[in-house]
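To start, the structure itself, in structure tokens.
The values are calculated or read from the model by the stated rules, or taken from the named source; none is laboratory data. Keep in mind that this is a model prediction, so the values were computed, not measured. All Cβ positions, even for glycine, are placed from backbone atoms using ideal geometry, and neighbour counts span all protein chains on display. We work out accessible area using only protein heavy atoms, side chains counted, and drop any ligands, DNA or RNA first. Shrake-Rupley method; radii C 1.70, N 1.55, O 1.52, S 1.80 Å.
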Amino acid sequence: MSEEKSAHYSVTWQEEEYIHPPNDFVGQANLTDPKIFERFSLENFPECFKEFADLLDWDQYWHTTLDTSDAPCWKWFVGGKINASYNCVDRHLDKYKNKTAIHFVPEPEDEPIVHLTYQDLYRRVNETAAVLRDFAGLKAGDRVTLHLPMTPELPITMLACARLGVIHSQVFAGFSGQACGERIWDSESRVLITIDSYYRSGKLLDHKAIGDVAVEVAKKEGQDVDKVLVWRRYPGKYSSAAPVVEGRDFFMDELLKEYRGKTVEPVSMPAEDILFLMYTSGSTGRPKGAQHSIGGYLAYVTWMSKNIQDIHPEDVYWCMADIGWITGHSFIVYGPLACAASSVIYEGVPTYPDAGRIWRIAEELDVNIFHTSPTAIRQLRKAGPDEPEKYNYDFKHMTTVGEPIEPAVWRWYYDVVGKKKAAIVDTWWQTETGGFLCSTVPGLAPMKPGSAGPGVPGIHPVIFDDEGNEIPAGAGKAGNICIKNPWPGLMQTIWKDRDRFVSTYYGKYNTNPDSKDWRDWPYMAGDAAVLAKDGYVRILGRVDDVINVAGHRLGTKEIESAALTVQEVAEAAVIAAKDEIKGVVPDLYVALKPGFEASDELAAKISQAVSTVVGKIARPRSVHIVPDMPKTRSGKIMRRILASISNQTEVGDVTSLANPDVVELILKKVQG
Ligand code: PRX
């Protein structure tokens, strides 16, 4: 692996000892059959995935498990017809209609928790689907952009779309109007669904105003939005300073009055049609729409929810991710609801109003499965290392996801949060993969702090070096982690960009682009990893221009192009700087055009530009205005050197640079 790439590796810890899951957990676990890996061996591929599909109710059963004729755009469960909303709602009514489907916890602690039963969910999804179909004119195959925060209206809207076969594209509420507008344009949505306001850190944020910017941006790009449907955080009361545009903006609570009690037949959709788009960052400035199928995706997340999350219908399950990211789609909405769980949705920030909030919610709702990211764990540990023991809750199972977790942080999670009574899974996967790739099966295998674990049943990982040679288990060498086989949860393609899909994920290791044999198409994830002798995978980090800030995926190119919108800026380079809480944060270096002077005001303006164009989560830790960028003789910016300066590690030999002297100047400026 090249030196430039290795700058991204952030993990330095060693292999740890095994910790065995508690007996009480194993005794009740959904999956304890050690033969599972034999059943899901490559010899049984792809037919083994029938077990996944059989967790769902099909309108018409499928005839072909895997069709490879358009490799590497795989088709799963071909011939099948299905509806995702039916599988997450209607089919539970017989047995569970009075059971809670969604516990909604508002951020203000004096607002009561809302408990929506499966019957309530059924009613609200149907009425919403009626508005979307009969008022907004949406039909199967149309795209609609959602820009919604963590309130029940988000899963309700998603399920209403799914009921109609409408493709939803939910944009994380923390993203700017500009970012949302670009996604409206790319997905060609003519309807935007948003909300007037929501709570974060004790403040009611004006969200509708951001939607207005998004509509303007989309229009400039050439995509007209003719309807903006606005949920109101408090029905009947508009909490936004943004004007209501006559003939374009409509309040959902007002529209719904006309559709009270209306039911909408779930549209029977081909398994291979699209359930949703989820935009994610890649190596270029343009975000890519990961396109997920209905049948394959739903089968995959349902199986994983049941067997890796160990969800039983009796469980109260809380995933603290945001539904605006893939984790929330797969493991707050689709997977848990398909398993008839009670899924918790919390509106606000974990430490509001104090470090005990999360554990109070867990106690009050009797949560027994908990799912979050290393960043949240680090935050909670810092804010209140002894808080969990003050509350009377019992977790049987916990998940960590999104970034590598340090063994010390893992131990606090296990000892203090889980009170040594919960099994932990460290699940490694991506927006593109729909569901988990590596994790231990919690009822079967021991945990190893800092390692995700082996491939989950049906997933066969392999680590290749840059030349395509397999790096054997236990070699202690890092390489590019790939998955040998396709699986039903894998994205179908990048929306409207098959070439980018093929080149990004298969370009490096496929040697025969005409092959229809899946064995010729290992999926390259874009992460560096080490495979231990026991088959456990340790993920080291991205090998491309993506950084994972607090588990949120950002493209360095997106941040750099945002900085370049400031007229004084000539060049920009973003690197991943280590951070105690967030894992890494973006650190921005810029060089100015001739005639401009560095100043604190200019640095603040550049930082603000990143916030406006991408969103607050991308705001750099610092903006370093430097005299010039360190460059190779061919003019390439040496980000590795900038990363060493930000992270206070050895810069190494710089004599081969075109401008070695500048390194000393930057060092002085940044490190003092
Ligand atoms: O680098 C890996 C990291 O997050 C990336 C995927 O980000 P995203 O598509 O936003 O999906 C996040 C939720 C799955 C991966 O390429 N990553 C994800 N899970 C882990 C991880 N790194 C280490 N350990 C994990 N468990």
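Modelled label positions at GLU363 and GLU467, each set 7 Å beyond Cα in the direction of Cβ, lie 6.1 nm from each other. Label point of GLU258 set 7 angstrom out along Cα-Cβ; within segment 91-132, amide nitrogens under 20 Å from it belong to 124-132.
Of the chymotrypsin sites (Phe, Trp or Tyr not before Pro) found in segment 38-114, those in coil by DSSP whose Cβ has at most 14 other Cβ atoms within 10 Å are TYR61. Filter the cross-link list LYS496/LYS593; LYS636/LYS668; LYS421/LYS582; LYS382/LYS533; LYS75/LYS99; LYS262/LYS616 down to pairs whose alpha-carbon distance in this structure exceeds 29 Å. Over 29 Å apart, Cα to Cα: LYS496/LYS593; LYS382/LYS533; LYS75/LYS99; LYS262/LYS616.
The heavy atoms of VAL267 present about 50 square angstrom of accessible area, all protein chains included, probe 1.4 Å. Restriction of the chymotrypsin sites (Phe, Trp or Tyr not before Pro) in segment 340-407 to DSSP coil positions whose beta-carbon has at most 16 other beta-carbons within 10 angstrom yields TYR391. Rounded to the nearest whole Hz, the Karplus-based 3J(HN,Hα) values (6.51 cos²θ - 1.76 cosθ + 1.60, θ = phi - 60°) of segment 61-77 follow the sequence 6, 7, 10, 10, 5, 9, 10, 9, 5, 10, 3, x, 8, 7, 10, 10, 6, with x at glycine and proline.
A cut-off of 5 Å between modelled amide H atoms, ignoring neighbours fewer than 5 places along the same chain, links ASP426 with THR400, THR440. Once you order the gyration tensor axes a ≥ b ≥ c over the Cα atoms, which shape class does segment 324-427 get: rounded for a/c under 1.5, otherwise prolate or oblate by comparing a/b with b/c? Rounded is the answer for segment 324-427, as its axis ratio a/c remains below 1.5.
Close amide H partners of GLY526, meaning residues 5 or more places away or on another chain with modelled amide H under 5 Å apart, are ILE481. When nucleic acids and ligands are ignored and a 1.4 Å probe is applied, VAL244 ends up with an accessible area of around 70 Å².
Ordered from highest to lowest accessible area with the whole protein assembly present and a 1.4 Å probe, MET278, MET524 read as MET524, MET278. Below 8 Å between Cα atoms, with a sequence gap of 6+, how large is the relative contact order for segment 87-219 in percent? 22 percent.
The magnitude of the dipole of the chain, with charges of +1 and -1 set on the Cβ of Lys/Arg and Asp/Glu and taken from the Cα centre, is near 420 debye. Between ASP57 and ARG39, what length in nm is gained on full extension when 0.36 nm per residue of separation is reduced by their alpha carbon distance? Gain in length upon complete extension: 4.2 nm.
When LYS496, LYS419 are compared by accessible surface with a 1.4 Å probe, the order from highest to lowest is LYS496, LYS419. Each peptide in 375-384, 175-184 gets a packing score, the mean of other Cβ atoms within 10 Å over its residues, and the list from highest to lowest is 175-184, 375-384. Taking every alpha-carbon pair under 8 Å whose residues sit at least 6 apart, the chain reaches a relative contact order of 15 percent. Ordering THR655, THR117 by accessible surface, largest first, gives THR655, THR117; the 1.4 Å probe counts only protein heavy atoms, with every chain in place.
Computed from the C-beta positions of LEU665 and ARG621 and an R0 of 25 Å, the FRET efficiency is 0.80 to the nearest 0.05.
Show the residues, 5+ positions off or on another chain, whose built amide H is closer than 5 Å to the amide H of ARG621. The answer is ASP587, LEU588. Here the chain exposes an accessible surface that is 49 percent carbon and sulfur, computed with a 1.4 Å probe and the other protein chains kept in place.
Over segment 527-672, Cα pairs under 8 Å with separation of 6+ residues give a relative contact order of 18 percent.
By its C-alpha gyration tensor, with a ≥ b ≥ c as the square roots of the eigenvalues, how is segment 568-671 shaped: rounded for a/c under 1.5, else prolate for a/b larger than b/c, else oblate? Oblate is the answer for segment 568-671, as a/c is 1.5 or above yet b/c matches or exceeds a/b.
As a calculated quantity, the FRET efficiency between LYS237 and HIS115 at R0 = 25 Å, using C-beta atoms, amounts to about 0.65. Karplus-based coupling profile of segment 457-465, in residue order and whole Hz: x, x, 10, 10, x, 8, 10, 10, 7, with θ = phi - 60° in 6.51 cos²θ - 1.76 cosθ + 1.60 and x standing for Gly or Pro. Label-to-label distance, ASN512 versus GLU650, with points set 7 angstrom from Cα along the beta-carbon direction: 4.6 nm.
The GluC sites (Glu not before Pro) of segment 504-595 that DSSP puts in a loop, and whose beta carbon has at most 13 other beta carbons within 10 Å, are GLU580. Modelled spin-label separation between LYS139 and SER611, with each label point placed 7 Å from Cα along the Cα-to-Cβ direction: 4.5 nm. A 1.4 Å probe run over segment 520-655, with the rest of the protein chains in place, finds 40 Å² accessible per residue.
Rounded to whole numbers, the Karplus 3J(HN,Hα) couplings from phi for segment 388-397 are x, 5, 7, 10, 9, 10, 9, 8, 9, 8 Hz, using 6.51 cos²θ - 1.76 cosθ + 1.60 with θ = phi - 60°, and x at Gly and Pro. Seen through its C-alpha gyration tensor, with square-root eigenvalues sorted a ≥ b ≥ c, the chain comes out rounded because a/c lies under 1.5.
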